[in-house]
Amino acid sequence: MVQFGADIVVGLMAEDKAEMKALSDHFTDIPGVNLAFYAVGPQLFFIGLLALTVLLAVAKRVQGWSPILMLIGIALPPFTLDLIPLTGLFILAALRPVASRNLTPMVAAS
(Lines give C-alpha, C1' and ligand atoms only; values in the text may rest on other atoms or scores of the structure.)
Protein backbone atom coordinates (compact mmCIF):
# COMPACT_ATOMS: atom_id res chain seq x y z
CA MET A 1 0.00 0.00 0.00
CA VAL A 2 2.83 2.39 0.77
CA GLN A 3 4.45 1.63 -2.59
CA PHE A 4 1.19 2.38 -4.38
CA GLY A 5 0.56 5.56 -2.38
CA ALA A 6 4.12 6.81 -2.89
CA ASP A 7 3.91 6.19 -6.63
CA ILE A 8 0.61 8.09 -6.89
CA VAL A 9 1.92 11.05 -4.87
CA VAL A 10 5.19 11.17 -6.84
CA GLY A 11 3.25 11.00 -10.10
CA LEU A 12 0.98 13.87 -9.07
CA MET A 13 3.85 16.03 -7.82
CA ALA A 14 6.23 15.57 -10.75
CA GLU A 15 6.21 17.70 -13.87
CA ASP A 16 8.11 15.16 -15.98
CA LYS A 17 9.82 11.76 -15.80
CA ALA A 18 13.12 13.22 -14.60
CA GLU A 19 11.43 14.93 -11.64
CA MET A 20 9.43 11.75 -10.97
CA LYS A 21 12.67 9.77 -10.74
CA ALA A 22 14.24 12.39 -8.46
CA LEU A 23 11.22 12.43 -6.13
CA SER A 24 11.10 8.65 -6.05
CA ASP A 25 14.82 8.47 -5.28
CA HIS A 26 14.36 11.09 -2.54
CA PHE A 27 11.63 8.93 -0.94
CA THR A 28 13.64 5.71 -1.10
CA ASP A 29 16.73 7.48 0.33
CA ILE A 30 14.95 7.82 3.68
CA PRO A 31 16.58 5.26 6.01
CA GLY A 32 14.56 2.06 6.28
CA VAL A 33 12.07 2.86 3.51
CA ASN A 34 13.66 0.63 0.89
CA LEU A 35 13.98 -2.26 3.33
CA ALA A 36 10.53 -1.94 4.89
CA PHE A 37 8.43 -1.13 1.85
CA TYR A 38 10.31 -2.59 -1.11
CA ALA A 39 12.64 -5.40 0.03
CA VAL A 40 11.30 -7.24 3.09
CA GLY A 41 7.88 -5.78 3.84
CA PRO A 42 6.00 -7.15 0.81
CA GLN A 43 7.35 -10.66 1.37
CA LEU A 44 6.34 -10.55 5.03
CA PHE A 45 2.84 -9.43 4.01
CA PHE A 46 2.38 -12.46 1.76
CA ILE A 47 3.88 -14.85 4.31
CA GLY A 48 1.42 -13.46 6.88
CA LEU A 49 -1.48 -13.81 4.45
CA LEU A 50 -0.57 -17.43 3.84
CA ALA A 51 -0.17 -18.07 7.58
CA LEU A 52 -3.59 -16.58 8.33
CA THR A 53 -5.17 -18.71 5.60
CA VAL A 54 -3.56 -21.82 7.09
CA LEU A 55 -4.86 -20.85 10.55
CA LEU A 56 -8.36 -20.40 9.12
CA ALA A 57 -8.13 -23.84 7.52
CA VAL A 58 -6.95 -25.43 10.77
CA ALA A 59 -9.90 -23.80 12.56
CA LYS A 60 -12.21 -25.18 9.81
CA ARG A 61 -13.28 -21.66 8.82
CA VAL A 62 -12.17 -22.23 5.21
CA GLN A 63 -11.73 -25.36 3.13
CA GLY A 64 -8.43 -27.23 3.15
CA TRP A 65 -7.76 -26.16 -0.43
CA SER A 66 -7.76 -22.43 0.46
CA PRO A 67 -4.13 -22.35 1.69
CA ILE A 68 -3.09 -24.24 -1.47
CA LEU A 69 -4.78 -21.65 -3.68
CA MET A 70 -3.18 -18.88 -1.63
CA LEU A 71 0.27 -20.44 -2.02
CA ILE A 72 -0.19 -20.82 -5.78
CA GLY A 73 -1.34 -17.22 -6.04
CA ILE A 74 1.60 -15.93 -4.04
CA ALA A 75 4.09 -18.05 -6.00
CA LEU A 76 3.02 -16.88 -9.48
CA PRO A 77 4.34 -13.28 -9.76
CA PRO A 78 8.05 -14.12 -9.32
CA PHE A 79 7.84 -16.08 -12.57
CA THR A 80 6.41 -13.19 -14.57
CA LEU A 81 4.44 -10.07 -13.67
CA ASP A 82 2.03 -10.93 -16.47
CA LEU A 83 0.47 -13.43 -14.05
CA ILE A 84 -0.60 -10.78 -11.50
CA PRO A 85 -4.27 -10.89 -12.63
CA LEU A 86 -4.24 -14.67 -12.17
CA THR A 87 -2.65 -14.13 -8.74
CA GLY A 88 -5.55 -11.91 -7.78
CA LEU A 89 -8.04 -14.56 -8.85
CA PHE A 90 -6.27 -17.26 -6.83
CA ILE A 91 -6.18 -15.07 -3.71
CA LEU A 92 -9.84 -14.13 -4.22
CA ALA A 93 -10.79 -17.79 -4.57
CA ALA A 94 -8.78 -18.71 -1.47
CA LEU A 95 -10.50 -16.07 0.66
CA ARG A 96 -13.98 -16.35 -0.86
CA PRO A 97 -15.21 -18.73 1.85
CA VAL A 98 -14.35 -16.09 4.46
CA ALA A 99 -16.67 -13.56 2.81
CA SER A 100 -19.57 -16.00 2.64
CA ARG A 101 -19.48 -17.12 6.28
CA ASN A 102 -20.32 -15.59 9.58
CA LEU A 103 -16.93 -15.60 11.29
CA THR A 104 -18.02 -14.70 14.80
CA PRO A 105 -15.43 -15.68 17.37
CA MET A 106 -15.87 -19.06 18.96
CA VAL A 107 -16.50 -18.68 22.70
CA ALA A 108 -15.43 -21.49 24.98
CA ALA A 109 -18.22 -23.00 27.07
CA SER A 110 -18.08 -22.01 30.72
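Please specify each residue of the stretch 29-57 satisfying the condition of being surrounded by 13 or more Cβ atoms within 10 Å (Cβ to Cβ) and at pLDDT below 85.
Once the filter is applied, which keeps residues that are surrounded by 13 or more Cβ atoms within 10 Å (Cβ to Cβ) and at pLDDT below 85, the stretch 29-57 yields 33, 34, 36, 37, 38, 41, 42.
State yes or no: is residue 100 at pLDDT below 90 and hydroxyl-bearing (Ser, Thr, Tyr)? First the steps, then the outcome.
Working: at pLDDT below 90: yes; hydroxyl-bearing (Ser, Thr, Tyr): yes.
In short, yes.
Taking interchain pairs and intrachain pairs at least six residues apart, which have beta carbon atoms under 6 angstrom, with the first residue in the stretch 1-13 and closer than 11 Å to residue 37 by Cα and the second among the hydroxyl-bearing types (Ser, Thr, Tyr) and not in a helix (DSSP H, G or I)?
The qualifying pairs do not exist here.
Please tell me if residue 84 is in contact with a helix residue (DSSP H, G or I) (Cβ under 6 Å, 6 or more places away or on another chain), of a type in the set (Val, Ile, Thr) and at pLDDT below 95. Outline the logic, then answer.
Numbers: in contact with a helix residue (DSSP H, G or I) (Cβ under 6 Å, 6 or more places away or on another chain): no; of a type in the set (Val, Ile, Thr): yes; at pLDDT below 95: yes.
Considered against the rule, which asks whether it is in contact with a helix residue (DSSP H, G or I) (Cβ under 6 Å, 6 or more places away or on another chain), of a type in the set (Val, Ile, Thr) and at pLDDT below 95, residue 84 comes out as no.
Pairs only if they're at least six apart or on different chains, beta carbon under 9 angstrom, first in the stretch 22-42 and more than 14 Å from residue 5 (Cα to Cα), second in a loop (DSSP other than H, G, I, E, B) and at pLDDT 80 or above; list them, first residue then second.
22/14
How many residues are touching a Ser or Thr at 6+ places or on another chain (Cβ under 9 Å) and under 18 Å from residue 99 (Cβ atoms) when one looks only at the stretch 23-53? Working first, answer last.
From the stretch 23-53, those touching a Ser or Thr at 6+ places or on another chain (Cβ under 9 Å) are 34, 37-38, 53; that's our starting set.
Filter once more, so that each one left must be under 18 Å from residue 99 (Cβ atoms): 53.
The number of residues fulfilling the criteria is 1.
The values are calculated or read from the model by the stated rules, or taken from the named source; none is laboratory data. Since the structure is predicted, the reported quantities are computational estimates derived from the model, not experimental observations. Neighbour counts run over all protein chains shown; Cβ positions are idealised from the backbone, glycine included.
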